[in-house]
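Remarks on the structure that follows.
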Amino acid sequence: MSLHPVLSPDSSSHDAVLSAPAASPADSENLSPDELELLAKLEEQNRLLEADSKSMRSMSGSRRNSGSSLVSSSSASSNLSHLEEDTWILWGRIVNEWEEWRRKKDKLLKELIRKGIPHHFRAIVWQLLGNATDMPVKNQYSELLKMSSPCEKLIRRDIARTYPEHEFFKGQDSLGQEVLFNVMKAYSLVDREVGYCQGSAFIVGLLLMQMPEEEAFCVFVRLMQEYRLRELFKPSMAELGLCIYQFEYLLQEQLPELNVHFRSQSFHTSMYASSWFLTLFLTFLPLPVATRIFDIFMYEGLEIIFRVGLAILQYNQTDLIQLDMEGMSQHFQKVIPHQFDSCTDKLILRAYQVKYNPKRMKKLEKEYTTIKNKEMEEQIEIKRLRTENRLLKQRIETLEKGQVTRAQEAEENYVIKRELAVVRQQCNTASESLEKAQDTIKELQPGGCRLLKSIRLVSLISDSEQPLIDLN
């Protein structure tokens, strides 16, 4: 395992030096005297960094550069360089003795990571934290690049919008865009259910700033598998719904006034927090700040996203309550992202002052699952009822058509019956006429018998519808 950084996302070289709040009292009680001494040295380093930064700003902003101030600045820089050297030695030891540190010095390692991983160690430490240093999928990477993916067109469209101002990704033919396309394409082939999802390119882009594309691919695969990101990026985005549900509970519990104001303005949590979870603040906060958060995410998972999100809202609660929806949207876009440009430590300190109960979060997850299962059952029932309704409509239409047919038949039968009645009346009239004729013939005797026979014969022939027979 070699240190192979590509580009630094940091705006200042000082970020390579550890800087963050001191360990909490609860954590400090569990550290040994040597570990506490190490943390104290890091705090001294932070103080010297701040003094050196203020001194440089004072010198550049004033024409009075006295000898004493120069000596002070030189002294601070000298002490700082010694502490930077100690930092390199420390992290070099951590990397070389990684398994031992994870087993025996896990609490101290957590504190060091919260203080920020030096840039030149991030590539290897992120791989170690993600257990991505020796993954079989790495051997498949070159073969995956030779294959075609149905997501290629979508990936090409989106990578141009990923870190567009960053030098590494600027330009259509830049190396950054090319390797970003490669990693996203390879993953879309490994995980066809997820394929490609907007937002994931920002995470891969950050990885590529630190390490070669094969290693970035392995770390991203591990993040998707083990850090809940795959569930976040699935087409259903069910995990995002869970995160929003949990975050809303924390907001309601810890910032009730702000929560009521958000609801009154129909300012839904998903409107501002969805990108926090999908891109881990990489599209919301300046890159150096988001990278520090990503350091912690690699060790502690999505918990840090909840903490930072609540810390940001706590810090801005007074201003947000006074704004309408449009004003809040502008505040989130233009004000909040730059509040912690030069004081990432302040944000992280606030984040760890947020109340966060893992057991309660697990309970909320069960509640959310129950709600979603009930909704799914209701949707299935609604679908069943809709199907039954559709079938009933079809049956009604069939019956209505049948009724029309029977009505037509009834009308035709009525006409036939009426015509039959007329024919019968005519037949009765004819019969009566025949009887009268017979009576008249009887009265005309003696020649009447022969005439009667003739009339009877004619009647018989008429009934059988045969041609008349000439009696003569």
Query raised in the report: Across region 303-332, which residue is farthest from residue 253 (Cα to Cα) among those that are open to solvent by less than 10 Å² (accessible area, probe 1.4 Å) and of a type outside the set (Val, Ile, Thr)?
Result: 328
**Report entry** Within region 281-366, helices (runs of 4 or more DSSP H) holding 3 or more residues that are under 19 Å from residue 110 (Cβ atoms)
**Finding:** 287-300, 303-321, 344-351
Query raised in the report: Just one of 264, 275 is small (Gly, Ala, Ser) and either open to solvent by less than 60 Å² (accessible area, probe 1.4 Å) or touching a residue at least 60 places away in the same chain (Cβ under 8 Å) (or both); which is it?
Result: 275
Report task. Out of the residues in region 209-246 that are in a loop (DSSP other than H, G, I, E, B) and open to solvent by less than 10 Å² (accessible area, probe 1.4 Å), state the one that is farthest from residue 165 (Cα to Cα). Result -> 211
**Report entry** Search result, residues across region 167-180 that are of a type in the set (Phe, Trp, Tyr) and surrounded by 21 or more Cβ atoms within 10 Å (Cβ to Cβ)
**Finding:** 169
Query raised in the report: If you take the residues in region 143-166 that are open to solvent by less than 10 Å² (accessible area, probe 1.4 Å) and among the aliphatic types (A, V, I, L, M), which one is farthest from residue 211 (Cα to Cα)?
Result: 155
Query raised in the report: Has region 124-139 got at least one residue that is small (Gly, Ala, Ser), under 15 Å from residue 215 (Cβ atoms) and either within 26 Å of the chain's Cα centre (by Cα) or surrounded by fewer than 15 Cβ atoms within 10 Å (Cβ to Cβ) (or both)?
Result: yes
Query raised in the report: Could you say whether any residue in region 375-386 is open to solvent by less than 100 Å² (accessible area, probe 1.4 Å), out of contact with any His (no Cβ under 9 Å at 6 or more places or on another chain), in contact (Cβ under 8 Å) with a residue 12 or more places away in the chain and on the phi < 0 side of the Ramachandran plot?
Result: no
Requested in this report: Please name all residue pairs, on different chains or six or more residues apart, with Cβ atoms under 6 Å, provided the first residue is in region 182-204 and is more than 22 Å from residue 274 (Cα to Cα) and touching a residue at least 24 places away in the same chain (Cβ under 8 Å) and the second residue is assigned to a helix (DSSP H, G or I) and of a type in the set (Gly, Ala, Ser).
Outcome: 183/216
Query raised in the report: Mind checking which residues of region 124-143 are part of a helix (DSSP H, G or I), of a type in the set (A, V, I, L, M, F, W, C) and at pLDDT below 95?
Result: 137
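The values are calculated or read from the model by the stated rules, or taken from the named source; none is laboratory data. Note that the structure is predicted; figures quoted are calculated from it, not measured. As a convention, Cβ positions derive from the backbone with ideal geometry for all residues, glycine included, and neighbour counts pool all protein chains shown. With ligands, DNA and RNA removed, areas are computed over all heavy atoms of the protein, side chains included. Shrake-Rupley method; radii C 1.70, N 1.55, O 1.52, S 1.80 Å.
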